[in-house]
Amino acid sequence: MKFALSGLLLFLLVSIQTASAAIVINVTEENGNVVFTSEAGSLDVSSLSSAMSGTGGGSFIDPSNGRFGIGGASQDALSDDSFSGPSAFGTGASRSADSTTGGGFGVNGTDGWLTLANDDGGSYGVSTMTFNNATIDSLGLTPGEYTWGWSGDFIRLNIPVSEVIPEPVAASLLLLAGVGGLLRRRARRKATV
């Protein structure tokens, strides 16, 4: 009984540690910009092997090819047979971020790679990348939850539905069109009486 309880406790501790190791990136529209923000976390890459060294890096998105990167000037690509995930998260073309903070990781869903900055060692603080004067729609992002995983961990990208708010000018034009339609209708009624 004591052995079974100890085994269950060990299993729960390992499960909790594995579940909290993932990195989640949330996309938001803020003040006319699109911001990608990753939560702090770590990645267990012990099951992955080096696929390529010094693959570039930087902060960018390439939705139609399932690729993005946040920070890190020089990155190493890691992969194995267990790496899986979507090969696209929209129809948009590749675009570099206008600004970035933190960083050091990315995903290449088409080729099945995880990229890590050479000096980050698997632990990551909060990272952001911002695309100025953009919306989720203008970047060609498709709302949804996208997960790239491997036998040790995963990265999840959450893209919400675009928050399009009508401008005051558009609302005024709609109101004016409605008033014009009512006046026209009233004029027709008087003409038939």
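Bear in mind these aren't lab numbers, they're just calculated from the coordinates by the rules spelled out. Fair warning: this is a prediction, and the values are worked out from it, not measured in the lab. Positions of Cβ are generated from backbone atoms using ideal geometry, with glycine treated the same way; all protein chains shown enter the neighbour counts.
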Worksheet entry | residue 49-residue 99 pseudo-label distance in nm [points 7 Å out on the Cα-to-Cβ vector] | 4.3
Item to complete: Within the set of other residues whose C-beta is less than 15 Å from the C-beta of residue 130, count the net charge using Lys and Arg as +1 and Asp and Glu as -1.
Response: -2
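Going by average Cβ density within 10 Å per residue, which order do the peptides 62-70, 84-92 take, highest to lowest?
Values: 62-70: 22.3, 84-92: 17.6.
Result, highest mean first: 62-70, 84-92.
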